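Everything on this sheet refers to the single structure shown next.
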Amino acid sequence: MYLELRSRRLDLTSPAVMGIVNVTPDSFSDGGRYAHRDAALRRALAMVEAGAAIVDLGGESTRPGAVRVSGEEQRDRVLPVVEALRRESDVLISVDTGDAGVIRAAIAAGADMINDVYGLRHPGALEAVAESDVGVCVMHMQGEPATMQRNPSYDELPGDVIAYLEERLAACEEAGIGAARIAVDPGFGFGKTDRHNVLLLARLERLEALGRPIIVGLSRKGTLGRLTGRPVGERLAAGLAAAVLAVERGARIVRSHDVPATVDALRIVHAVRAAEHPAEPAP
């Protein structure tokens, strides 16, 4: 399986790591440590050195309870980092936004992918991606970040998530976004209780029926903290366990704040898989 991002093709035969850099003052995971361009750039380059295939830059916190940030403020936060990283590295750059203006500006600055927690549902977002050649990740979220954790409910998991993603895939393709450019994310922690998250992870392989690369983001999230009793800074082991379980169930890209350890863990998974299912010899 692969993902088309502009003129490049990301081979997902082995799982890839997407490093997370929050260019925000209110991130749940790092408390604004990378809110300034130079700090964010150093963090991104360290992730590239550690083996990240993609660096995901976000200028708007989407943690539970977060409020919307204007497109202008997102651009002011993210674009200088995109431009600086593009000068320094040929790593694939993803920008985490659902704002059409930010999408267009990020693409013009050199982004290869748009990662939209809103699933390209905001006005103009579909069109902004469709008129480009970037890749896109559409994610499932029940509600909005400000309210999504207020009593979320589902009839069946992951069936409800799959149905939503099917609808968004159809909307993308109708808008002219080729299937090879699209990845899907079930949205762990976005309008889901701890039980929902665990069930979704346990049944993740059902999302393979969508036929698109599955991206997962469980790194440092609240569910891991509540299951282990660990604060945000002590959830590495839990995050690695979740990443391995997700890849074993079909995930192709793992979003992580802890790139070196995640890269190492997934290399072991890939080595074991390759030993168990060796490639057929060339004719």
* Asked: Just to be sure, is VAL216 in contact with a strand residue (DSSP E or B) (Cβ under 6 Å, 6 or more places away or on another chain), closer than 17 Å to ALA251 by Cα and either open to solvent by less than 20 Å² (accessible area, probe 1.4 Å) or outside any strand (DSSP E or B) (or both)?
  -> yes
* Is it the case that some residue within the stretch 262-280 is modelled with pLDDT of 95 or more, hydroxyl-bearing (Ser, Thr, Tyr) and open to solvent by 40 Å² or more (accessible area, probe 1.4 Å)? -> no
* Asked: ALA108 passes all but one of (1) over 19 Å from ALA175 (Cβ atoms); (2) open to solvent by 10 Å² or more (accessible area, probe 1.4 Å); (3) in contact with a helix residue (DSSP H, G or I) (Cβ under 6 Å, 6 or more places away or on another chain); (4) aliphatic (A, V, I, L, M); which number fails?
  -> (3)
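Right, LEU120: in a loop (DSSP other than H, G, I, E, B), crowded, with 18+ Cβ neighbours inside 10 Å and modelled with pLDDT of 95 or more or not?
yes
Tell me the residue from ASP133, ASP99, ASP155 that is touching a Lys or Arg at 6+ places or on another chain (Cβ under 7 Å) and open to solvent by 30 Å² or more (accessible area, probe 1.4 Å), please.
Numbers: ASP99 fails: touching a Lys or Arg at 6+ places or on another chain (Cβ under 7 Å); ASP155 fails: touching a Lys or Arg at 6+ places or on another chain (Cβ under 7 Å).
Result of the check over ASP133, ASP99, ASP155: ASP133.
What tally of residues in the stretch 155-179 results from selecting those that are part of a helix (DSSP H, G or I), small (Gly, Ala, Ser) and either more than 18 Å from the chain's Cα centre (by Cα) or under 20 Å from VAL247 (Cα atoms) (or both)? If you could, list the steps in order and put the result at the bottom.
Residues of the stretch 155-179 part of a helix (DSSP H, G or I): 159-175, 179.
Of the ones still in play, those that are also small (Gly, Ala, Ser) are 159, 163, 170-171, 175, 179.
Applying the additional criterion that residues be either more than 18 Å from the chain's Cα centre (by Cα) or under 20 Å from VAL247 (Cα atoms) (or both) yields 159, 163, 170-171, 175.
So the answer is 5.
Given the residues ARG230, ARG195, which is the only one that is open to solvent by 50 Å² or more (accessible area, probe 1.4 Å) and in a loop (DSSP other than H, G, I, E, B)?
Being open to solvent by 50 Å² or more (accessible area, probe 1.4 Å) and in a loop (DSSP other than H, G, I, E, B) holds for just one of ARG230, ARG195, which is ARG230.
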* **Pairs with Cβ under 8 Å, 6+ apart, first in the stretch 132-149 and closer than 21 Å to GLU4 by Cα and at pLDDT 95 or above, second polar (S, T, N, Q) and part of a loop (DSSP other than H, G, I, E, B)** => ASP133/SER7
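The values are calculated or read from the model by the stated rules, or taken from the named source; none is laboratory data. Keep in mind the model is a prediction, meaning the values are calculated, not measured. Neighbour counts run over all protein chains shown; Cβ positions are idealised from the backbone, glycine included. Surface areas here come from the heavy atoms of the whole protein model, side chains and all, with no ligands, DNA or RNA. Shrake-Rupley method; radii C 1.70, N 1.55, O 1.52, S 1.80 Å.
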